[in-house]
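> I'd like to ask some things about the structure below.
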Amino acid sequence: PGGAKRPLLSQLFQPLNLQGGGEAGWDGRAGEPTCRSQKLMLQGGLIHPSSPGCYYYMPPAVRAMEKLIRVTDEEMRAVGGQKLNMPCLSSAELWRASGRWDRMGPELFRLADRHGKDYCLGPTHEEAVTELVAAQSNLSYKQLPLRLYQITRKFRDEPKPRFGLLRSREFYMKDMYTFDASEEAARQTYDLVCDAYRSLFDRLGLPFIKVRAATGSIGGTVSHEFQLPAGVGEDRLVVCPDGHFAANVETLNGEQTSCPTCGEKLTQTRGIEVGHTFYLGTKYSSVSNAVFYSPENKPQLAEMGCYGLGITRILAASIEVLSTEDSIRWPSLIAPYQLCFIPPKRGSKEEEEGAALLERVYDDLAEALPHLAGDSVLDDRTQLTIGKRLKDANKLGYPYVVIAGKRVCEDPPVFEVWHQNTGQVLFLTKEGVIELLSKVQVP
């Protein structure tokens, strides 16, 4: 009853440690390499270490992740994706049939049930999804293309987990598996999904490069990675300065130094892999006998592709590439909260009037822009100065900060608004604040 419920910063389960800190890697293990995103996410109370390569995702990180998932769902639906969910626990028989039980080596988390049956925790689901489609015994060419995807926890027994969510043992991934009636159709699907990935990274405002890549343990004949250039990236890339060519160094024969298209000298950079696409052909469909019936009613093997996006890795990588050393910058679309309100300091002459006016802005905003009502947080730590709270808000990366400062007692009241991603400071009336924020998008 009475006005929208304001989330208060003091009540959020987000243990802040914004004073910086020692070199113990924030996980308390001295000498462990850290990177900007890991340090900022630990300081900002977004993640908390559990065991090597495993983290608690705190409520603000989950908010950001859920927004990223919504944007990903939009892009996958736009290319005809249908969302499903497959078990994390995958039978060893499936993996033995494809040959990957042995080939994946110690990267697989393996376990046995009480009956002595072997399983693994799925790092990826090619075997499982192909088995599922093969079980549909009368699949017709009219039902193709099938584009099935899920967004779930995956597991990989990393020998040296590091850099927080950039290389962990337990992570969230979007994996799509496609089934087409011909190689030509499968390659069209491939281009379509690559375009959806481009669209996703463009919407997030992330500077990605699509590079030729090796097919590795997944297999297939064509593969590309979507990379975010970053100093801590584990992949070495070569790029044509005019954009004609880009590849992961591991795909090149010998030292290729010039662009095969224009002859320009290739530049080297490092990247964080955030997406990977594969054209698989019939590598898996032939093992499980995943067939469909052609117009002549003959069984034919489906042509497959698989497409991964590292959801938690995109979260960390976007902080890595957009942030400063001590302040988080989010892609504004997926910031945990779009808006932070800062009322006057306790005991200041603006205290009473300013707090009431700020609450009115909040309520009017919730009415005019209901999608932002749950996306705002009030910094109620009024024992701290406005400057101190603004500094914290800057470190946590709220895209907008609305302050009831010195000019709030003018007629009409004027609020100070910081637009963090552009560095602008505006002085606006209540109507001006609402108009400015009406442009904000929330997925």
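> If I ask for residues that are in contact (Cβ under 8 Å) with a residue 12 or more places away in the chain and either exposed (fewer than 13 other Cβ atoms within 10 Å of the Cβ) or touching a helix residue (DSSP H, G or I) at 6+ places or on another chain (Cβ under 9 Å) (or both), which ones from region 240-255 would you list? Explain how you work it out, then say what you get.
Step one: of region 240-255, the residues in contact (Cβ under 8 Å) with a residue 12 or more places away in the chain are 240-242, 244-252.
Result: Pro241, Asp242, Glu250.
> Also, quick follow-up: Taking the condition of being assigned to a loop (DSSP other than H, G, I, E, B), of a type in the set (A, V, I, L, M) and either at pLDDT 95 or above or closer than 17 Å to Met304 by Cβ (or both), how many residues in region 102-156 meet it?
Here the count works out to 4.
> Among all residue pairs at least 6 apart or on different chains, which show Cβ distances below 8 Å where the first residue, located in region 369-394, is in contact (Cβ under 8 Å) with a residue 40 or more places away in the chain and the second is open to solvent by 50 Å² or more (accessible area, probe 1.4 Å) and part of a helix (DSSP H, G or I)?
Asp380/Ser10; Arg381/Ser10
> Quick check on Asp235: is it charged (D, E, K, R), at negative phi and open to solvent by 50 Å² or more (accessible area, probe 1.4 Å)? Explain how you work it out, then say what you get.
Details: charged (D, E, K, R): yes; at negative phi: yes; open to solvent by 50 Å² or more (accessible area, probe 1.4 Å): no.
Considered against the rule, which asks whether it is charged (D, E, K, R), at negative phi and open to solvent by 50 Å² or more (accessible area, probe 1.4 Å), Asp235 comes out as no.
> Could we say that Gly397 is open to solvent by less than 10 Å² (accessible area, probe 1.4 Å) and within 29 Å of Glu320 (Cα to Cα) here?
Details: open to solvent by less than 10 Å² (accessible area, probe 1.4 Å): yes; within 29 Å of Glu320 (Cα to Cα): yes.
Judged against the criteria, Gly397 is a match.
> Of the residues that make up region 269-278, is at least one open to solvent by 60 Å² or more (accessible area, probe 1.4 Å) and over 23 Å from Tyr177 (Cα atoms)?
yes
> Let me ask another. Identify all residues within region 279-315 that are out of contact with any Leu (no Cβ under 7 Å at 6 or more places or on another chain), crowded, with 21+ Cβ neighbours inside 10 Å and part of a strand (DSSP E or B); write none if there are none.
Passing the criteria: Tyr279, Leu280, Glu303, Tyr307, Gly308, Leu309, Gly310.
> Being outside any loop (DSSP other than H, G, I, E, B) and out of contact with any helix residue (DSSP H, G or I) (no Cβ under 9 Å at 6 or more places or on another chain): is that true of Glu359 here?
yes
> Give the number of residues within region 256-268 that are in contact with a His (Cβ under 7 Å, 6 or more places away or on another chain) and either closer than 23 Å to Tyr172 by Cβ or open to solvent by 10 Å² or more (accessible area, probe 1.4 Å) (or both).
Adding up the residues that qualify gives 2.
The values are calculated or read from the model by the stated rules, or taken from the named source; none is laboratory data. These figures come from a predicted structure and were not determined experimentally. For neighbour counting, all protein chains shown are included, and Cβ atoms are generated from backbone atoms with ideal geometry for every residue, glycine included. Just the protein is used for accessible areas: all its heavy atoms, side chains included, with ligands, DNA and RNA removed. Shrake-Rupley method; radii C 1.70, N 1.55, O 1.52, S 1.80 Å.
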